[in-house]
Amino acid sequence: MARTRTAKKTGAAPKLAKALAIVLGTGEPGTGDSGTEQIPIRIRAWDGSEAGPEDTPLIEFTSRRALRRILWSPGQLGLSRAYVAGEITAHGEIFAAFAALSSAGKFAQPGPFSKPTPGEVWTLVKTGVRLGALGPNPAPPPEEAKVEKHGRRHSKKRDAAAISHHYDVGNDFYRLVLGPSLVYSCAVWSDEDTGLEAAQEEKLDLVCRKLGLAPGMRVLDVGCGWGSFALHAAGRYGVSVVGITLSTEQAELARKRVAEAGLTELVDIRVQDYRDVNDGPYDAISSIGMSEHVGREQLGRYVSQLHGLLRPGGRLLNHAISWNAGPTADDPDSFIPRYVFPDGEMLGLGDMIVALEGGGFEVLDVEALRRHYALTLRAWVKNLEEQWDEAVRLTSEGRARVWRLYMAASALGFEDGLTGVNQVLLQKAGGEEPPLRMRTWAG
């Protein structure tokens, strides 16, 4: 059991630790009585004082403003805003700090963050008074999304704004984080020593093999990113590919890569909403990491649209993150929708398959890649941290902090089994029968 330091009881840290225990929900429920031994980290306050268990990750509050943000938004959002703004810093190995917080109290429970009780709110306010942290609600960091001004959720205009928030932050920044492959989805690892580029190469080829691509086929890549799958499918399998994205920056670089590869006759990159594609039929459709942006309300339309664009007997591969922790309501005031994927919605695998089958598709195969995404995210975090100064120069320190928090926390979510990622291979009825044994693509 970790030892608690007793020599240094003065300063802001003990009171700050008590407030944090209330926010985390690690104190006695409803009373506001939370001792420093009940927090899973060690805290250093802006005055240099420390509190909390030794031999645990150290998190530093560099400004009273961090506590003020937490008082106004006592949950994940307040802590996230303070971290993005640089008012909270995690020392040492980033995964250890985030793992300690995510395993504690309310953070360990899936779903929306529960609000403090009146007694806890009063204790937080008194703590704020004693530490001189009361004041107006600080403006959110500029990296926070503001897509709601673009209208109804999952309208075409608002979806475009949400995609732009996440993807139009600089192609050079993405290349730094993702590596030369510029593949922004789960890689497929033979083992932990495979290496990111080789693992992404294997994922791209695996999708091609599952779709049964052959020269002369016409393929639609929904959410084509920077064109990596389109380049691989056209260059290795001789198919023609239409890739669609809502990000103008992605499309610009994707077209440049296509031209440099000499594949302009085979690959067409468009800035286009999937709901506006009307030039089917296609022999195969790939949707890799895109359906998370669709939303539950639009899922039926998404399935119907892809079904209508596919020829009879054609295959669809839907590669999507899934929520594995049971039914839960969306929390628009949590970190991911505010800073990373505005309006994004993760569905359970069962919900996704019900929608796909209900839309006329036959499921041919399902492959779970949960552990693969954890390895991919850790590789991205490594890229970011090894080139931190350049990442900050390319965007902003706040944006780099958003990505560090998002990718590290996501890796932990996959490792804990809260989230998964699955490739679902489907076929539209009316064409040739699938083979008796499907896994002909396996090595």
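Details
- Of all residue pairs spaced 6 or more apart or on separate chains, those with beta-carbon atoms under 8 Å, a first member in the stretch 270-290 that is β-branched (Val, Ile, Thr) and a second member that is crowded, with 23+ Cβ neighbours inside 10 Å and in a helix (DSSP H, G or I) are Ile285/Leu306; Ile288/Val207; Ile288/Phe229.
- Counted residues, the stretch 139-186 - those being buried (at least 20 other Cβ atoms within 10 Å of the Cβ), of a type in the set (D, E, K, R) and more than 21 Å from Trp380 (Cβ to Cβ): 1
- Checked against the criterion of being over 20 Å from Asp365 (Cβ atoms) and either assigned by TED's automatic domain parsing to the domain that holds Ser102 or not charged (D, E, K, R) (or both), the candidates Ser322, Ser286, Ser304 yield just one match: Ser304.
- Number of positions in the stretch 319-334 that are under 19 Å from Asp159 (Cα atoms) and crowded, with 20+ Cβ neighbours inside 10 Å: 2
- All positions within the stretch 189-233 that are of a type in the set (S, T, N, Q) and surrounded by 24 or more Cβ atoms within 10 Å (Cβ to Cβ): Gln200, Ser228
So that you can scan it fast, the table gives a plain yes or no per residue for (1) of a type outside the set (Phe, Trp, Tyr); (2) modelled with pLDDT under 90; (3) assigned to a helix (DSSP H, G or I):
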site	(1), (2), (3)
Phe107	no, yes, yes
Pro116	yes, yes, no
Val121	yes, yes, yes
Ala160	yes, yes, yes
Ile163	yes, yes, yes
Leu176	yes, no, yes
Val183	yes, no, no
Trp189	no, no, no
Thr194	yes, no, no
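Here is a yes/no grid of residues against (1) at pLDDT 95 or above; (2) among the small types (Gly, Ala, Ser); (3) closer than 25 Å to Ala145 by Cβ; (4) buried (at least 16 other Cβ atoms within 10 Å of the Cβ):
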residue	(1), (2), (3), (4)
Ile353	yes, no, no, yes
Val366	yes, no, no, no
Pro435	no, no, no, no
Arg439	no, no, no, no
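- Residue pairs whose Cβ atoms lie under 7 Å apart, sitting 6 or more positions apart in sequence or on different chains, and linking a residue in the stretch 313-328 that is in a strand (DSSP E or B) to a partner that is aromatic (Phe, Trp, Tyr), are Gly314/Tyr282; Leu316/Phe361.
- If you go through the stretch 329-352 and keep only what is under 22 Å from Leu220 (Cβ atoms) and in a helix (DSSP H, G or I), you end up with just Met352.
- Number of positions in the stretch 223-270 that are out of contact with any helix residue (DSSP H, G or I) (no Cβ under 9 Å at 6 or more places or on another chain) and of a type in the set (A, V, I, L, M): 2
- First in the stretch 181-209 and assigned by TED's automatic domain parsing to the domain that holds Tyr167, second anywhere and acidic (Asp, Glu) and surrounded by fewer than 23 Cβ atoms within 10 Å (Cβ to Cβ), Cβ under 6 Å, 6 or more apart: Ser181/Glu197; Val188/Glu202
- Put simply, of Leu306, Leu377 the only residue that is in a helix (DSSP H, G or I) and under 13 Å from the mean Cα position of the chain (by Cα) is Leu377.
- Any hit, the stretch 345-364, residues being of a type outside the set (Ser, Thr, Tyr) and over 30 Å from Leu309 (Cβ atoms): no
- Only one of Gly348, Gly326, Gly295, Gly359 that is modelled with pLDDT under 95 and touching a His at 6+ places or on another chain (Cβ under 6 Å): Gly295
The values are calculated or read from the model by the stated rules, or taken from the named source; none is laboratory data. Remember, predicted model here, so these are calculated numbers, not experimental data. Quick reminder, even Gly has a Cβ in these numbers, built from the backbone with ideal geometry, and neighbours come from all protein chains shown.
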